[in-house]
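The values are calculated or read from the model by the stated rules, or taken from the named source; none is laboratory data. Computed from a predicted structure; not experimentally measured. Neighbour counts run over all protein chains shown; Cβ positions are idealised from the backbone, glycine included. To get the accessible areas, we keep the full protein, side chains included, count just its heavy atoms, and leave off ligands, DNA and RNA. Shrake-Rupley method; radii C 1.70, N 1.55, O 1.52, S 1.80 Å.
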Amino acid sequence: MKRKLTKALSGILALAFAVFILGSVVDYQYVKAQDTAKTETIKVAYLPITHAVPLLALADSLKDGKSGIRIELVKYGSWPELMDALSSGQVDAASVLVELAIKAKTNGAPLQLAALGHRDGNIIVGSKSVNSAEDLRGKKVAIPSPQSSHYLLLRQYLKDAGLTADDVEWVELAPTEMPYALQSGQVDAYCVAEPFGSKAVMSGIGHVLSESDTLWPDSICCGLVWNTGWSRAHPDTAAAFLQDYLDEGNVMDDDTALQTANKYLNADKDTLKESLAYISFKALSIDRKAYENLTKKMKADGLNENPPAYEDFVYQGEAK
């Protein structure tokens, strides 16, 4: 009788334990499924440049998915490739030249400018034989795209010296090619996203002719742009993503910026330090006056005859 009772108790305990284990597994799977459902992944495109540092830092900050958002970074090698992916919805958002995004929007692409990528951070670099804008008369000047703040900055640099765009020969090059082009004499000056200007300065093959904050205060260059097909489908996520992005820029210190740049960009630390000295990532909301000044310059310099109005292109609190 005692043996039967012991067997019965053992069976009951085994069954209880099995139920407990099964319940724990089911509960764990349920919680795991809920966590997965709560975390939205945003595909964001970028080029490996200093101007994308806030986005890159945010991707690292959100990698555990605890905030409900995770960023999947998609690296591209050129602006045309990136813009094609953004405009077609292959990616949800991107760090991109604002002028390129404005041009795409003008042509009907479903894009919206959510925030700045940075403030300042562009330099005009010249070869050792070039010391002024006048020295560039008849010389070759490189830009990453005619649809860029770099082109507008160089035109302003020439204009301030009494020169016009016709006084130089324009060359379009990928950012990575510019330091070598300057060293080899293929071009005499250039303006491009960092750290490629600083690469020439730190290697001794070029020097700074002018900086963006001197030529064009509150200039707009790169920005966080998203495809409105995605933002309409995920308005709450878009708003949360933007707030996280702005917060990341506001709290970023020099060490974090340098660590992030060192992780994602192909440059030595001294070059990155030089590059980051020109740039700020704080207060990345878009000011109406600054945007309208940009579109005015784009019209005047022939980049875009009919750029979108602020209300039609800049995010104002509701993803559209």
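Screening the candidates THR260, THR256 for the property of being among the polar types (S, T, N, Q), touching a residue at least 40 places away in the same chain (Cβ under 8 Å), in contact with a helix residue (DSSP H, G or I) (Cβ under 8 Å, 6 or more places away or on another chain) and surrounded by 24 or more Cβ atoms within 10 Å (Cβ to Cβ) yields one hit, THR260.
Entry remark, the range 157-175: residues being assigned to a loop (DSSP other than H, G, I, E, B) and touching a Phe, Trp or Tyr at 6+ places or on another chain (Cβ under 8 Å) number 1 in total.
Conditions (1) acidic (Asp, Glu); (2) over 15 Å from the mean Cα position of the chain (by Cα); (3) at pLDDT 95 or above, marked per residue:
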| site | (1), (2), (3) |
| --- | --- |
| PRO217 | no, yes, no |
| ILE220 | no, no, yes |
| ALA238 | no, yes, yes |
| THR260 | no, no, yes |
| LEU272 | no, yes, yes |
| ILE286 | no, no, yes |
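Scanning the range 99-115 turns up one or more residues that are polar (S, T, N, Q), modelled with pLDDT of 95 or more and within 19 Å of ASP287 (Cβ to Cβ). Summed over the range 277-320, residues that are part of a helix (DSSP H, G or I), open to solvent by 30 Å² or more (accessible area, probe 1.4 Å) and among the aliphatic types (A, V, I, L, M) total 1. Residues of the range 163-172 being touching a residue at least 12 places away in the same chain (Cβ under 8 Å) and either touching a Ser or Thr at 6+ places or on another chain (Cβ under 9 Å) or surrounded by fewer than 14 Cβ atoms within 10 Å (Cβ to Cβ) (or both), which ones? Hits for the range 163-172 are GLU169, GLU172.
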